[in-house]
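J.: Dumping the structure here so I can ask a few things about it.
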Amino acid sequence: MTAVGFKALHETHANWLGSDEVYVVFSDVSTNQDSFTKIYGDVDAGESRTFLPTEQCVATRPACDRGAPDVHFKLTMWENDDDGFAHGQLDNTHVYLNDGIYEGDDLIGRAEVSIPRDQLLADLPTVGMSKVYTVKPTGGDGSYELTYKITRLANRFNIPPIGPPVALSISLQAMAVAGRMVHLTWTGASTASVDIYRDGSKVATTPNDGDHTTPAIPPGTYQYRICELNSTTVCSPDVPVTVS
């Protein structure tokens, strides 16, 4: 899951001349980890900001591609009051955190997002799908909305799968041809290239054009398999081929 950006619907402090300086604190509930964006300055009503790539990972850390069976995080948006100078300061203030974030910063709003796996299955029925969501933090001054994106990943990290198992989508046909070569044809792979396995070992990577003929190999019976690029789980079943 990644944070995308935010939009100012209305600035904080209607009577204050100037723009907002905004930063966001994300809290991953599953790991009790907080992460902070940089301060985005000169934000006026109607303007949007996109988070830096290094700030987009919300959950699950440390790697956004680690995955989780459901989504649960909190976020807090703050208006930075440089050097401790607070205009229209609210009771919900932040303690000193690090350089550029001061006690007395004004709360724009808070939000808590919890999406159960049943809803994720309905929103993202197949691996690889993504959906962008919008949330509006409340409880502070000003009016903002924040967008985040959830992508359904393959179950690569031995966490419980989301929903029922996803059936293998790659179908492979293999046959021996003249010159002790093997002709492979396949359908269903989604990556630009695929990996070819023989007897459990990767022997080649080739464009995902559905057709490949191997170099000559010694006589014998072999097991061939096609997998999506760099994957050992999204693969075809093994197909036996006898070369004579």
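Taken together, the values in this text are just the output of simple stated rules run on the coordinates, not laboratory data. Computed from a prediction, not measured in an experiment: that's the story for all the values here. Positions of Cβ are generated from backbone atoms using ideal geometry, with glycine treated the same way; all protein chains shown enter the neighbour counts.
J.: Check cross-link reach from Lys74 to the lysines: straight Cα distance under 26 Å, and skip same-chain residues fewer than eight apart.
T.: Within the straight-line cut-off, Lys74 pairs with Lys7, Lys38, Lys131, Lys136, Lys149.
J.: If packing is taken as the average number of other Cβ atoms within 10 Å across a peptide's residues, how do 230-240, 124-134 rank, most packed first? The partial results should precede the final answer.
T.: Details: 230-240: 15.5, 124-134: 12.5.
Result, highest mean Cβ count within 10 Å first: 230-240, 124-134.
J.: Quick one: length gained pulling Ser130 to Asp118 fully straight, 0.36 nm per residue minus the C-alpha distance?
T.: Going from the current span to full extension adds 2.8 nm.
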